[in-house]
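A.B. asks: Structure below; questions to follow.
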Amino acid sequence: MDLPRNAFKAALKAGQRQIGFWSTLPDGGLVELLAGCGYDWLLIDSEHAPVDPRAMLPLMQAAAPYPTSVVVRPGWNDPVEIKRLLDAGAQTVLVPYVQTAEEARAAVAAVRYPPLGIRGVAGTTRASQWGAIEGYTQQANDEICLLVQVETEAAARNIEEIAAIDGVDGIFVGPADLAASMGFPGETGRPEVRAAVCDAVRRIVAAGKPAGFLSADQTFVAEVAEAGGSFLAVGIDSVLMRRAAVALRQSWD
Ligand SMILES: O=C(O)C(=O)C[C@H](O)[C@@H](O)CO
């Protein structure tokens, strides 16, 4: 059996825009539904969702039959958590709250086997199809895609240094945390925040790395696309569900 090719990593490298969706409600049926909706990538969140690596596994399995690339977000830049997600079969990881080149380097080390990194080597895991993928340990680094999240003013100041780290395959700008760090918690729509996000995206692209973003506000996503953003999550399950449910109820007032 061959190591599955990481279509998302290849698309980013080729400069192809990837439209994604954000999954925060940890239910296999819902993830399966979303995986079949035609998005290029589906983020399964564990930073802000009650999902540990054990709970992540059935969610990844639910998405696996569909032509969407699964991106998992661990709770933190933690090599132990990242290792367990990779062993469970994740190939693309979005690491939150990376603020410096040193933290980016640590994230790279967490996803790579030695001698390039510190990922622990297991004899057999789901990632290697329980050993059916010959040479998994030798090839795995090539197909793992590491995305890091820049989401504070300090991190934004360090974009060029973070982008220069070999092994960082893309940089995602988190608008909610960036807004909070700028002193505007909960106000991602403010002009200052939008300008800061677009400036970060332009600098990431100028530094030679793909830039990512998430918003349920399509105008904001369009601004970020115009600034050069290429992996763009355009919706969040909980937001979509609540908006639709409230609108339906209101249609009966
Ligand atoms: O800072 C952000 O924005 C993100 O990191 C994304 C959020 O975590 C996501 O849950 C949407 O609010």
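A.B. asks: Check ARG54, ARG17, ARG84 and return the single one that is in contact (Cβ under 8 Å) with a residue 40 or more places away in the chain and basic (Lys, Arg).
C.D. replies: ARG17
A.B. asks: Please state which of the following conditions CYS198 fails to meet, knowing it meets all the rest: (1) within 28 Å of LEU30 (Cβ to Cβ); (2) in contact with a helix residue (DSSP H, G or I) (Cβ under 8 Å, 6 or more places away or on another chain).
C.D. replies: Result: CYS198 fails condition (1) only.
A.B. asks: Kindly indicate which of ARG105, ARG112, ARG157 is more than 20 Å from ALA200 (Cα to Cα) and modelled with pLDDT of 95 or more. Reasoning before the result, please.
C.D. replies: Values: ARG105 fails: more than 20 Å from ALA200 (Cα to Cα); ARG157 fails: more than 20 Å from ALA200 (Cα to Cα).
Selected residue: ARG112, the only one of ARG105, ARG112, ARG157 that is more than 20 Å from ALA200 (Cα to Cα) and modelled with pLDDT of 95 or more.
A.B. asks: Restricting to region 22-39, and then to whatever is surrounded by fewer than 22 Cβ atoms within 10 Å (Cβ to Cβ) and touching a residue at least 40 places away in the same chain (Cβ under 8 Å), can you tell me which residue is nearest to LEU146 (Cα to Cα)?
C.D. replies: THR24
A.B. asks: Among the residues of region 8-58, how many are closer than 23 Å to VAL224 by Cα, more than 14 Å from the chain's Cα centre (by Cα) and of a type in the set (A, V, I, L, M)?
C.D. replies: 3
A.B. asks: Within region 172-188, is there a residue that is over 25 Å from VAL93 (Cα atoms) and among the charged types (D, E, K, R)?
C.D. replies: First, the residues of region 172-188 that are over 25 Å from VAL93 (Cα atoms): 182-187.
Next cut, among the charged types (D, E, K, R) only: 187.
Scanning region 172-188, I find at least one residue that is over 25 Å from VAL93 (Cα atoms) and among the charged types (D, E, K, R), so the answer is yes.
A.B. asks: What number of residues in region 173-193 are within 13 Å of the ligand (Cβ to nearest atom) and either within 20 Å of the chain's Cα centre (by Cα) or small (Gly, Ala, Ser) (or both)? Working first, answer last.
C.D. replies: We begin by selecting, within region 173-193, every residue within 13 Å of the ligand (Cβ to nearest atom); these are 173-182, 184-189, 193.
Next, only the ones that are either within 20 Å of the chain's Cα centre (by Cα) or small (Gly, Ala, Ser) (or both) stay: 173-181, 186, 188-189.
Counting residues in region 173-193 that are within 13 Å of the ligand (Cβ to nearest atom) and either within 20 Å of the chain's Cα centre (by Cα) or small (Gly, Ala, Ser) (or both) gives 12.
A.B. asks: Shifting gears a bit: Identify, from the list ALA207, ALA216, ALA222, ALA233, the residue that is surrounded by fewer than 20 Cβ atoms within 10 Å (Cβ to Cβ), under 30 Å from ARG112 (Cβ atoms) and under 20 Å from the mean Cα position of the chain (by Cα).
C.D. replies: Values: ALA216 fails: under 30 Å from ARG112 (Cβ atoms); ALA222 fails: under 30 Å from ARG112 (Cβ atoms); ALA233 fails: surrounded by fewer than 20 Cβ atoms within 10 Å (Cβ to Cβ).
The conditions single out ALA207.
A.B. asks: On to the next question. Name the residue, out of GLU151, GLU143, GLU161, GLU134, that is charged (D, E, K, R) and within 16 Å of the ligand (Cβ to nearest atom).
C.D. replies: Working: GLU143 fails: within 16 Å of the ligand (Cβ to nearest atom); GLU161 fails: within 16 Å of the ligand (Cβ to nearest atom); GLU134 fails: within 16 Å of the ligand (Cβ to nearest atom).
On inspection, the qualifying residue turns out to be GLU151.
A.B. asks: Can you list the helices (runs of 4 or more DSSP H) lying wholly within region 143-253 that have 1 or more residues being without any contact (Cβ under 8 Å) to a residue 40 or more places away in the chain and over 23 Å from VAL98 (Cβ atoms)?
C.D. replies: Details: elements: 153-157, 159-163, 175-181, 191-206, 218-227, 237-250.
The helices (runs of 4 or more DSSP H) meeting that bar are 191-206, 218-227, 237-250.
The values are calculated or read from the model by the stated rules, or taken from the named source; none is laboratory data. This is a predicted model, so every value here is computed, not measured. Virtual Cβ from ideal backbone geometry, glycine too; neighbours counted across all protein chains shown.
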